[in-house]
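Everything below concerns the one structure shown next.
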Amino acid sequence: LKFAAPLAHLLPRCVMYDLFGLPCPTCGATRAFLACARGDFAAAFAANPLTTLIYASLFVAAGVLLAATVANKNILNRLHAAPLTIVRRIAAVALGANWIYLLARESIK
């Protein structure tokens, strides 16, 4: 992903940060992705903890699904979907906690 870093500046800036001087809940997601791609997980987590955890989860899930496919095991039918309300609540709490972290980090600068 060496090609991605020079292209990152072409992405649009955060509108909320430009207007209000405050980070949005996803500020730092691009920096976190690029840091993960370099293997610098500490920098990724510092940039945006929630998106770093999401990237790691997707990587692990892809590995598990690949291993299950190679082993010819169908694990998808064994997974039970959590009730949607629980998933929504967890997502809302995680997003809120992440935003509080980003706001606190911004106030320390």
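Can you give me the angle between helix 49-70 and the longest principal axis of the chain, using Cα atoms only, in degrees from 0 to 90, rounded to the nearest 10?
20 degrees
Would you compute, from DSSP H runs of 4+ residues alone, the mean residue ellipticity of the chain at 222 nm, taking -39500 (n - 2.57) per run and dividing by the full residue count, rounded to the nearest 500?
Values: 6 runs with 74 residues, N = 109.
It lands at -21000 deg cm²/dmol.
Quick check: at a probe of 1.4 Å, how many percent of the accessible area of the chain sits on carbon and sulfur atoms?
Carbon-and-sulfur percentage of accessible area, whole number: 73.
Based on the alpha-carbon gyration tensor of the chain and its eigenvalue square roots a ≥ b ≥ c, which shape applies: rounded if a/c is under 1.5, prolate if not and a/b is larger than b/c, or oblate?
oblate
Before I look further, what does the chain give for accessible area per residue, probe 1.4 Å, in whole square angstrom?
Solvent-accessible surface per residue comes out at 76 Å².
Percent relative contact order of the chain, based on C-alpha pairs within less than 8 angstrom and at least six residues apart?
With pairs under 8 Å counted, the relative contact order is 28 percent.
Could you identify which residue out of 32, 42, 68 has the top mean-square fluctuation in a GNM of the chain using Cα springs shorter than 10 Å?
Evaluated over the chain, the most mobile residue of the options is 68.
Suppose the chain between residue 22 and residue 91 were pulled fully straight at 0.36 nm per residue; how much longer would it get relative to their current alpha carbon spacing?
22.7 nm is the gain from fully extending residue 22 to residue 91.
The values are calculated or read from the model by the stated rules, or taken from the named source; none is laboratory data. Being a predicted model, the structure only gives us computed values, none of them experimental. Calculation scope for accessible area: heavy atoms of the full protein, side chains included, ligands and nucleic acids excluded. Shrake-Rupley method; radii C 1.70, N 1.55, O 1.52, S 1.80 Å.
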